[in-house]
Structures are given as C-alpha cells and as structure tokens.
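Shown next, in structure tokens, is the structure this report addresses.
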Amino acid sequence: MSETSQSAAPQTLSIRRPDDWHVHLRDGEMLQAVVNHTARQFARAIVMPNLRPPITSVIQAREYRSRILEALQPDRKERFTPLMTAYLTETIAPAELEQGFGEGVFTAAKLYPAGATTNSDAGVRDLRHISAVLETMERIGMPLLIHGEVTDPAVDIFDREAVFIEEHLRPLLQRHPQLKVVFEHITTAEAAAFVAEGPSNLAATITPHHLHINRNSLFQGGLRPDFYCLPVAKRERHRLALRAAATSGNPKFFLGTDSAPHPRGAKESACGCAGIYNAPYAIESYAQVFDEEGALDRLEGFASEFGPRFYGLPLNEQRITLQRKETEVPGLMELSNGTQTPTVLVPFHAGEVLHWQLAA
Ligand code: NCD
Ligand code: ZN
C-alpha cells in the first residue's frame with residue numbers, strides 16, 4: 001500500500017449503541033451485581049431464561065423483567081431494555097408462546113437440548129416432541145434461539161456442535177423452512193459455513209471469548225476454569241473462522257456475548273461451572289478483535305445493526321464512542337449486590353490490558 005493511501009489508525013470510533021443478543025443476567029444477588037455492566041454498553045439485551053426454575057410462562061417473564069429493571073442504576077433505567085425469552089420444555093403450550101409474543105413480553109424462545117449446559121435439565125429431549133410449538137413460532141415469526149450441541153455422551157465434546165448441525169439443525173430447517181433461527185454462540189468453522197450458506201431466516205451470534213481464545217487457553221500452565229464455557233472453545237482454525245465470519249460484514253452474524261457469571265467459588269471447584277463473565281468489557285473486547293482484523297468499519301454492523309434487522313426491531317438512535325485507550329481489566333471484581341458480602345467474579349480478560357475504552 002502506498003503511504004498516501006494508508007490512513008492513520010483511528011483513535012475514536014462512534015457507532016450506534018449496540019445490543020447484546022444473548023446474555024445471562026441471573027436473578028437475586030447475582031442480578032444486582034452484574035446487570036449494570038451490560039446496561040453500561042448495550043441498549044437492549046436478549047435475556048436467557050435458564051433460571052431455577054426456568055422462565056416458561058408469560059407471568060414469570062413479566063416478573064423477571066420487572067426485577068431486572070428494578071436492579072438498574074437510575075441513569076440506566078431509561079436507557080436499557082431487557083428482551084425476554086421463553087425456555088422451551090416438552091410441555092410448554094404453543095398458546096403461551098403466542099400470547100407472550102403477541103403481548104411483547106417474549107421476544108424469542110430458547111431451545112436447550114436437555115442436559116447440554118447449565119440449568120438445561122428441563123430442556124427438550126426430542127425436537128419432534130415440540131413440533132406444534134415450532135409450527136406456531138414459524139407462523140407468528142417468533143425467533144427460535146438454539147443452543148446447538150448434541151448431548152450424547154458418546155460424542156466427543158469438541159464435536160458436539162458440528163454433529164448437532166447434521167443430526168438436528170439441518171433437518172429442523174427442512175421441517176420448518178420459514179422458522180427464524182439463531183444458532184447461538186457458534187464455535188466452529190462448520191457452524192460458520194452452515195450459517196453463511198443457509199437461508200436468510202438463519203443467523204448466528206458470536207461471543208467475544210470465542211473470538212479471543214482457543215482450547216489451549218483452558219490448559220495454559222494448568223487448568224483454567226475461567227476459560228471454560230459451553231460450547232467449549234475449539235481449535236485455532238475454528239477461532240480464525242469465527243473471526244472471519246464476525247468481521248465479514250455478513251448480516252447473518254451478530255453480537256451475543258453469552259456473558260454467564262458464576263461466583264468465583266463455583267468456577268474454581270472440583271466440578272467448575274461452565275460460563276465466562278465477559279459483560280464488564282464486552283464492547284471493548286469486540287472492538288479489539290475488529291481492530292486486529294483491520295475491520296473497525298464493520299463493528300457497527302455486527303454490534304448494532306444486523307441483530308435488530310434479523311429480529312425485526314428498530315435500530316438504536318443513540319450512539320456510543322470508543323476511544324483507543326489502554327484499559328486495565330481487574331483480576332477480580334467485588335461487586336455490590338444489596339447484601340453485606342459482595343459477589344466475587346473473575347471477568348474475561350482478567351489482568352490483561354485492552355486497547356479500547358467506551359467513553360462515559
Ligand atoms: C451458560 C450459563 O452458565 O447459564 N453457560 C455457558 O457456558 N455459556 C449456559 C449456556 O449458555 O450454555
Ligand atoms: Zn448462554
């Protein structure tokens with residue numbers, strides 16, 4: 001490239017305020033501890049329903065939404081909208097979904113294959129058991145959000161997403177050709193290719209951590225529970241395929257953090273929980289990836305435009321500014337939660353320096 005055509009690296013970036021199309025905000029003390037991190041950056045968030053008990057009714061979703069709004073700090077109350085989801089069980093009534101969607105309480109429904117991840121026991125064992133639910137969703141245009149992993153213990157954990165595509169997702173899309181489907185938190189080159197080649201009613205979210213780490217990170221110098229999430233990070237070639245997909249400008253790929261907080265003690269345990277807490281610096285983390293890939297001009301599409309277009313929602317009018325500025329991520333966060341004892345969480349990028357910062 002000639003010197004004249006090479007523009008200086010931008011120092012600031014202004015984009016429409018982004019949305020997070022997949023987040024776990026939890027409930028109770030954890031909700032109090034984490035929700036304002038998400039609301040600092042995002043205008044809206046698709047809130048996962050895998051509470052105990054799961055959110056399976058309109059009334060539960062309404063009440064959960066109120067608790068989320070209640071937990072917001074005053075300056076964020078006006079600005080942040082939680083978008084609620086229904087947790088699909090084999091017994092949920094199609095009418096419940098239709099009512100919730102019609103009333104604007106449910107934005108989407110989440111499919112957890114039973115046993116696939118945290119609080120998924122009440123999930124679906126056989127997709128054919130919920131065909132009436134899926135037909136209703138297809139008819140009313142309600143998006144289906146899929147945790148795409150098979151649960152068969154005979155399938156290697158690193159292959160569970162790729163196997164899910166062939167065994168379940170491809171047939172599902174054939175049975176329900178109009179159903180809007182988001183293949184959540186994709187982790188493989190196979191998933192990225194499947195989505196890119198698929199119909200326009202199929203999209204995918206990509207997390208910051210799957211753009212930054214590969215499976216080596218889980219074992220770097222010892223067992224590293226803070227890098228363990230589901231679907232588990234895969235080989236380097238998959239991370240590179242995800243980076244290419246996220247920064248491609250293809251509107252089928254958009255932002256979903258899958259921020260999934262677990263208290264430090266539940267992560268650092270003989271049987272540590274799956275989930276990475278990336279909410280505190282999520283947009284900075286994504287900005288760094290797009291910068292490294294020379295694709296900063298494509299961050300806005302991925303973070304702020306493709307998601308709402310897929311969901312059929314308006315784009316945010318507010319804007320945010322990102323500055324090229326070193327941001328030290330703390331090794332540990334002690335977060336107030338309304339009790340005497342703070343919630344202790346290890347954030348993603350703990351102890352690292354990120355090169356972007358969201359201006360206040
Ligand atoms: C999530 C959680 O903790 O709720 N964990 C995770 O590793 N992502 C569940 C999920 O989305 O799979
Ligand atoms: Zn999740």
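The values are calculated or read from the model by the stated rules, or taken from the named source; none is laboratory data. This one's a predicted model, so the numbers in the text were calculated from it and none came from an experiment. So basically every Cβ, Gly included, is an ideal-geometry build from the backbone, and we count neighbours across all protein chains shown. These accessible areas exclude ligands, DNA and RNA; they are computed on the full protein's heavy atoms, side chains included. Shrake-Rupley method; radii C 1.70, N 1.55, O 1.52, S 1.80 Å.
In the set (1) assigned to a helix (DSSP H, G or I); (2) touching a Lys or Arg at 6+ places or on another chain (Cβ under 8 Å); (3) surrounded by 21 or more Cβ atoms within 10 Å (Cβ to Cβ), the condition left unmet by Ser131 is number (3).
Selection of region 295-305 for residues being in contact (Cβ under 8 Å) with a residue 24 or more places away in the chain and either more than 17 Å from His210 (Cβ to Cβ) or basic (Lys, Arg) (or both) yields Leu296, Arg298, Glu300, Gly301, Ser304, Glu305. Can you list residue pairs whose Cβ atoms sit under 6 Å apart, with the first residue in region 23-48 being in contact (Cβ under 8 Å) with a residue 24 or more places away in the chain and in a strand (DSSP E or B) and the second being open to solvent by 10 Å² or more (accessible area, probe 1.4 Å) and not acidic (Asp, Glu)? Count only pairs 6 or more apart in sequence or on different chains. Between residues of region 23-48 that are in contact (Cβ under 8 Å) with a residue 24 or more places away in the chain and in a strand (DSSP E or B) and residues that are open to solvent by 10 Å² or more (accessible area, probe 1.4 Å) and not acidic (Asp, Glu), the close pairs are Arg44/Thr81; Arg44/Leu83; Ile46/Leu83.
Yes/no matrix, rows are residues, columns are (1) within 15 Å of ligand 2 (Cβ to nearest atom); (2) within 15 Å of the chain's Cα centre (by Cα); (3) open to solvent by 50 Å² or more (accessible area, probe 1.4 Å):
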residue: Arg40; (1), (2), (3): no, no, yes
residue: Asn50; (1), (2), (3): yes, yes, no
residue: Thr85; (1), (2), (3): yes, yes, no
residue: Pro94; (1), (2), (3): no, no, no
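For region 187-194, the count of residues that are within 27 Å of Arg243 (Cα to Cα), at pLDDT 95 or above and in a loop (DSSP other than H, G, I, E, B) is nonzero.
Across region 273-288, the number of residues qualifying as within 12 Å of ligand 1 (Cβ to nearest atom) and open to solvent by less than 30 Å² (accessible area, probe 1.4 Å) comes to 5.
Using the structure shown, decide if Glu293 is out of contact with any Ser or Thr (no Cβ under 7 Å at 6 or more places or on another chain) and open to solvent by 10 Å² or more (accessible area, probe 1.4 Å). So Glu293 does not fit the description; no. Within region 225-243, the set of residues being more than 16 Å from ligand 1 (Cβ to nearest atom) and part of a loop (DSSP other than H, G, I, E, B) comprises just one member, Arg235. Taking (1) outside any strand (DSSP E or B); (2) at negative phi; (3) among the small types (Gly, Ala, Ser) in turn, Ala109 satisfies each apart from (1). Screening Gly102 against (1) away from ligand 2 (no atom under 16 Å from the Cβ); (2) touching a strand residue (DSSP E or B) at 6+ places or on another chain (Cβ under 7 Å); (3) under 24 Å from Phe310 (Cα atoms) leaves a single unmet condition, (2).
Condition check ((1) surrounded by fewer than 17 Cβ atoms within 10 Å (Cβ to Cβ); (2) closer than 16 Å to Phe183 by Cα; (3) under 23 Å from the mean Cα position of the chain (by Cα)) across all residues:
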| position | (1), (2), (3) |
| --- | --- |
| Leu97 | no, no, yes |
| Ala108 | no, yes, yes |
| Leu111 | no, yes, yes |
| Thr118 | no, no, yes |
| Arg125 | yes, no, yes |
| Ala154 | yes, no, no |
